[in-house]
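S.K.: One structure coming up, written as structure tokens, with questions to follow.
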Amino acid sequence: MTKLLHAGFYRLKKNKVLGGCLLVIITYELFVLLSQYRSMIKEGYEYTLDPLYFNFLALIGILTSILVSLFIGTDYHDGTIRNKLICGASRTSVYLSNFIMMASCGIFCVLTGYAVALGLGLPLFGSFEMPVSAVLALSLISILFTLAYVSIFHMVSMTCSSKTTSAVCCILLAFALLFIASMLLSSLAQPEYIEQLSASSMKAGQIVTTEDAVLETVKNPAYLSGVKREIYQNIMDFLPSGQMVQLLNGGDIHIFRAAFYSIFIIVGTNMIGLRIFKKKDIK
């Protein structure tokens, strides 16, 4: 496996897709930081680094889907995977070495985003408002759900010989996960009580003015409670996109549960993917 990793990392040094992903992350984070700083100076408001530090993670699912699918897809397209097997490498070594390389790329992308956020964010906005221990914990969670993303896209790409098909499937899957997480967050964010016009304010056939309106607090029918809320929350904590969305919306995330789910996805997808890859007919 050492030779496979050495050859793979050598290819990654010249990989334009990886370079493009890093460029997107750096550009996006610089744009967010500088735009927010300009608004702070113009409007006179005080901003902290906390909400800006994790901003680039909104792109990590889509970027890893592109990077992993195109890198693995190129291996299939160029016959590299077949040649590795012909030269005596085991299927387990081929599968795991590719995962290690893609995982390293994912971690490098995340660390690059954090380096930019710290390098420019600290001079512009000062230190974090949240404790350093919380920043480190959330940073670790972000690395874990990035690896969960990578493991999912790696499983899809390694079990699909077509570069185009794997790229389309992974990118669509990334958007689907993001859409599901957004819908779940929207449902979970519903307040338990809402204000509405009271019955006495609603006069038939008449327009109620602001002065005449009387508001009353009522139970929100869209509010999730009980078992249903627990199910929705667990799905949010399970999905890497769900963890990302929660992190970007105030960092209100169940740390240990999220870490466990990410590790579960990483191990589970690698086991399933490796099992399928071992039985795959590679031409």
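The values are calculated or read from the model by the stated rules, or taken from the named source; none is laboratory data. Bear in mind the structure is a predicted one, so any value in this text is a computation, not a measurement. Glycine gets a Cβ as well: all are built from the backbone with ideal geometry, and neighbour counts include every protein chain shown.
S.K.: Which residue is nearest to Ala103 (Cα to Cα), if the candidates are limited to region 152-173 and must be part of a helix (DSSP H, G or I) and polar (S, T, N, Q)?
M.R.: Restricting to residues being part of a helix (DSSP H, G or I) and polar (S, T, N, Q), the top hit is Ser157.
S.K.: Here's something else I'd like to know. So how many residues does region 58-97 have that are in contact with a Gly (Cβ under 7 Å, 6 or more places away or on another chain) and of a type outside the set (Ser, Thr, Tyr)?
M.R.: 0
S.K.: Mind listing whichever residues of region 99-123 are buried (at least 17 other Cβ atoms within 10 Å of the Cβ) and either in contact with a His (Cβ under 7 Å, 6 or more places away or on another chain) or among the hydrophobic types (A, V, I, L, M, F, W, C) (or both)?
M.R.: Once the filter is applied, which keeps residues that are buried (at least 17 other Cβ atoms within 10 Å of the Cβ) and either in contact with a His (Cβ under 7 Å, 6 or more places away or on another chain) or among the hydrophobic types (A, V, I, L, M, F, W, C) (or both), region 99-123 yields Phe99, Met101, Met102, Ala103, Cys105, Cys109, Val110, Val116, Ala117, Leu120.
S.K.: For the subset of region 175-199 comprising residues that are at pLDDT 75 or above and among the small types (Gly, Ala, Ser), which member is surrounded by the most Cβ atoms within 10 Å (Cβ to Cβ)?
M.R.: Out of the qualifying residues, it is Ala181.
S.K.: May I pose another question? Looking only at residues that are in a loop (DSSP other than H, G, I, E, B) and in contact (Cβ under 8 Å) with a residue 40 or more places away in the chain in region 37-49, which one is farthest from Ala115 (Cα to Cα)?
M.R.: That would be Tyr47.
S.K.: For region 116-169, give me each residue that is under 16 Å from Ala259 (Cβ atoms) and polar (S, T, N, Q).
M.R.: Within region 116-169, Ser133, Ser139, Ser142, Thr146, Ser151 meet the criteria.
S.K.: Here's something else I'd like to know. So Ala89 passes all but one of these: (1) of a type outside the set (Val, Ile, Thr); (2) in a helix (DSSP H, G or I); (3) more than 30 Å from Gly250 (Cβ to Cβ). Which condition number does it fail?
M.R.: Among (1) of a type outside the set (Val, Ile, Thr); (2) in a helix (DSSP H, G or I); (3) more than 30 Å from Gly250 (Cβ to Cβ), the lone unmet condition for Ala89 is (2).
S.K.: Restricting the first residue to region 1-15 and requiring it to be in a loop (DSSP other than H, G, I, E, B), which pairs with a second residue that is surrounded by 10 or more Cβ atoms within 10 Å (Cβ to Cβ) and at pLDDT 85 or above meet a Cβ separation below 6 Å and a spacing of at least six or different chains?
M.R.: Correct list of pairs: Met1/Ser93; Met1/Ser97.
S.K.: Of everything in region 236-277, what is free of Cβ contacts under 8 Å to residues at least 60 places away in the same chain, of a type in the set (A, V, I, L, M, F, W, C) and under 29 Å from Glu129 (Cα atoms)? Give them in sequence order.
M.R.: Hits for region 236-277 are Met236, Phe238, Phe256, Phe260.
S.K.: Kindly indicate whether Thr74 is out of contact with any strand residue (DSSP E or B) (no Cβ under 7 Å at 6 or more places or on another chain), of a type in the set (S, T, N, Q), within 26 Å of Gln243 (Cα to Cα) and in a helix (DSSP H, G or I).
M.R.: Spelling it out, it is not the case that Thr74 is out of contact with any strand residue (DSSP E or B) (no Cβ under 7 Å at 6 or more places or on another chain), of a type in the set (S, T, N, Q), within 26 Å of Gln243 (Cα to Cα) and in a helix (DSSP H, G or I).
S.K.: Check whether at least one residue in region 133-140 is in contact (Cβ under 8 Å) with a residue 40 or more places away in the chain, of a type in the set (Val, Ile, Thr) and surrounded by fewer than 19 Cβ atoms within 10 Å (Cβ to Cβ), and report yes or no.
M.R.: Taking every residue of region 133-140 in turn, none turns out to be in contact (Cβ under 8 Å) with a residue 40 or more places away in the chain, of a type in the set (Val, Ile, Thr) and surrounded by fewer than 19 Cβ atoms within 10 Å (Cβ to Cβ).
S.K.: Among the listed residues Leu57, Leu52, Leu34, Leu67, which satisfies the condition of being among the aliphatic types (A, V, I, L, M), touching a Ser or Thr at 6+ places or on another chain (Cβ under 8 Å) and under 18 Å from Gly113 (Cβ atoms)?
M.R.: Leu57
S.K.: Any idea which residue in region 18-42 is nearest to Asp75 (Cα to Cα), counting only those that are of a type in the set (A, V, I, L, M, F, W, C) and under 18 Å from the mean Cα position of the chain (by Cα)?
M.R.: If we take residues in region 18-42 being of a type in the set (A, V, I, L, M, F, W, C) and under 18 Å from the mean Cα position of the chain (by Cα), then Leu18 is nearest to Asp75 (Cα to Cα).
S.K.: In region 135-152, is there at least one residue being more than 18 Å from the chain's Cα centre (by Cα) and not basic (Lys, Arg)?
M.R.: Looking for residues that are more than 18 Å from the chain's Cα centre (by Cα) and not basic (Lys, Arg), one finds none in region 135-152, hence no.
S.K.: Working only within region 251-269, note down all residues that are surrounded by fewer than 18 Cβ atoms within 10 Å (Cβ to Cβ), of a type outside the set (A, V, I, L, M) and assigned to a helix (DSSP H, G or I).
M.R.: If the condition is that a residue be surrounded by fewer than 18 Cβ atoms within 10 Å (Cβ to Cβ), of a type outside the set (A, V, I, L, M) and assigned to a helix (DSSP H, G or I), then Phe256, Arg257, Phe260, Phe264, Gly268 are the ones that fit.
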